[in-house]
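Asks: Sending over a structure as structure tokens; questions will come in a sec.
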Amino acid sequence: MERASRLADVTGPATGRIRDGRAVAYASAALVALLLGLIYHRTATGLWTIWTTNDNYSHGPLVPLASLALVVSRRGRLRALPREGDWRGLALVAFACALQVLGVRSDVFTMQGWSFVVVLFGLSLALLGGPLTRSLAFPIGYLVFMLTFPPILMNQLSFALKEVAVRVAAHASEALGVTLQRSGMTLWLAGGALEIENPCSGLRSLLAMLATGALLASLLSSGWWRRALLVLLAVPMAIAGNALRLTLLVLMAHYVGIKQALGMFHDVSGYLTYGLSLAGLLAVWALLQPRRPRETSQP
């Protein structure tokens, strides 16, 4: 009886301290979330508007979910790491807040989005410390794929991608027996003109493939060069997929008609070619997986 009472005296205060520690942690997390909501609510609203109205960023809502899934998948490793706050994280938080104010005052939305990623790194370093922040570096950094980029950069990239896709599609179509003439971004066929607009540049699929490639690269068990190669290969695969789509549109317009090519086939071909590019990226990911040595049977 006396031994049980002593055990209760020992475990009682310890359990109370654990509960108090958890309560403080939950309260701190709620306070941080509230402050982030107050500071970045306009940025979040703007991001949601862009995700739902701009096809180039339609993959945006999936990025935070993927980042959260990465954190959950690493929860066992995260629990084993020490939690020691680092005051240097406060400098990152201050820099992120200054970046947010500058972005709002100058009406540069791209700056506001990047400020959010920087503040997450700062808060992680200040509250959790270096080891945990290093383990969370990729899930936090992966959030850049949900952000927007400067319009001037995107316009130049879109034009360059469209130039490559139109040139490849024109040569491929001619090799397949189609008679055409190219004038800028317009392909003149026997049945009329097929004008390649900005949505057909392949920028949407390129951004989505890069986000997918980075996510798959994080799932590779080892080898930094394997991860870098997988992300880099996402670029030519996206470009090749879009060029294939334009080639199919030209063939459809030549043999069936321009009206039919720009109808349902236009949308279906986009999903089809993106699926082929994604399948190719998954195949490369499987090939880049390190091979385990075969177990040799001993007599």
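Asks: Among the residues of segment 69-97, count how many are free of Cβ contacts under 8 Å to residues at least 24 places away in the same chain and either surrounded by 15 or more Cβ atoms within 10 Å (Cβ to Cβ) or within 17 Å of Leu216 (Cβ to Cβ) (or both).
Replies: Counting residues in segment 69-97 that are free of Cβ contacts under 8 Å to residues at least 24 places away in the same chain and either surrounded by 15 or more Cβ atoms within 10 Å (Cβ to Cβ) or within 17 Å of Leu216 (Cβ to Cβ) (or both) gives 2.
Asks: Next question, about the same structure. Would you call Val235 within 27 Å of Val72 (Cβ to Cβ), without any contact (Cβ under 8 Å) to a residue 60 or more places away in the chain and either not polar (S, T, N, Q) or not in a helix (DSSP H, G or I) (or both)?
Replies: Considered against the rule, which asks whether it is within 27 Å of Val72 (Cβ to Cβ), without any contact (Cβ under 8 Å) to a residue 60 or more places away in the chain and either not polar (S, T, N, Q) or not in a helix (DSSP H, G or I) (or both), Val235 comes out as no.
Asks: I'm told Thr148 meets every condition in (1) farther than 28 Å from Ala286 by Cβ; (2) of a type outside the set (Phe, Trp, Tyr); (3) at pLDDT below 90 except one. Can you identify the failing condition by its number?
Replies: (3)
Asks: Examine segment 82-98 for a residue that is modelled with pLDDT under 90 and under 25 Å from Leu215 (Cα atoms), and state whether such a residue exists.
Replies: No, segment 82-98 has no match at all.
One line per residue, one yes/no per condition, for (1) touching a strand residue (DSSP E or B) at 6+ places or on another chain (Cβ under 8 Å); (2) assigned by TED's automatic domain parsing to the domain that holds Thr43; (3) in a helix (DSSP H, G or I):
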residue: Arg83; (1), (2), (3): no, yes, no
residue: Met111; (1), (2), (3): no, yes, yes
residue: Val117; (1), (2), (3): no, yes, yes
residue: Leu120; (1), (2), (3): no, yes, yes
residue: Lys162; (1), (2), (3): no, no, yes
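Asks: Those residues that are over 30 Å from Phe109 (Cα atoms) and surrounded by 14 or more Cβ atoms within 10 Å (Cβ to Cβ), I need them from segment 150-173; list them, please.
Replies: Listed by number, the residues that qualify are Val166, Val168, Ala169, Ala170, Ala172, Ser173.
Asks: Suppose we filter segment 234-258 for residues that are small (Gly, Ala, Ser) and more than 23 Å from Trp285 (Cα to Cα); how many remain?
Replies: Going through segment 234-258 one residue at a time, the tally reaches 2.
Asks: Restricting to segment 129-160, give me the number of residues that are in contact (Cβ under 8 Å) with a residue 40 or more places away in the chain, more than 20 Å from the chain's Cα centre (by Cα) and not assigned by TED's automatic domain parsing to the domain that holds Ala91.
Replies: The number of residues fulfilling the criteria is 1.
So that you can scan it fast, the table gives a plain yes or no per residue for (1) more than 19 Å from Trp51 (Cβ to Cβ); (2) small (Gly, Ala, Ser):
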{"site": "Val93", "(1), (2)": "yes, no"}
{"site": "Gly103", "(1), (2)": "no, yes"}
{"site": "Val108", "(1), (2)": "no, no"}
{"site": "Gly122", "(1), (2)": "yes, yes"}
{"site": "Leu132", "(1), (2)": "yes, no"}
{"site": "Ser135", "(1), (2)": "yes, yes"}
{"site": "Tyr142", "(1), (2)": "no, no"}
{"site": "Phe149", "(1), (2)": "no, no"}
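The values are calculated or read from the model by the stated rules, or taken from the named source; none is laboratory data. The structure presented is a predicted model; accordingly, all values stated were derived computationally and were not measured. Neighbour counts are summed over all protein chains in view; Cβ atoms, including those assigned to glycine, are modelled from backbone coordinates with ideal geometry.
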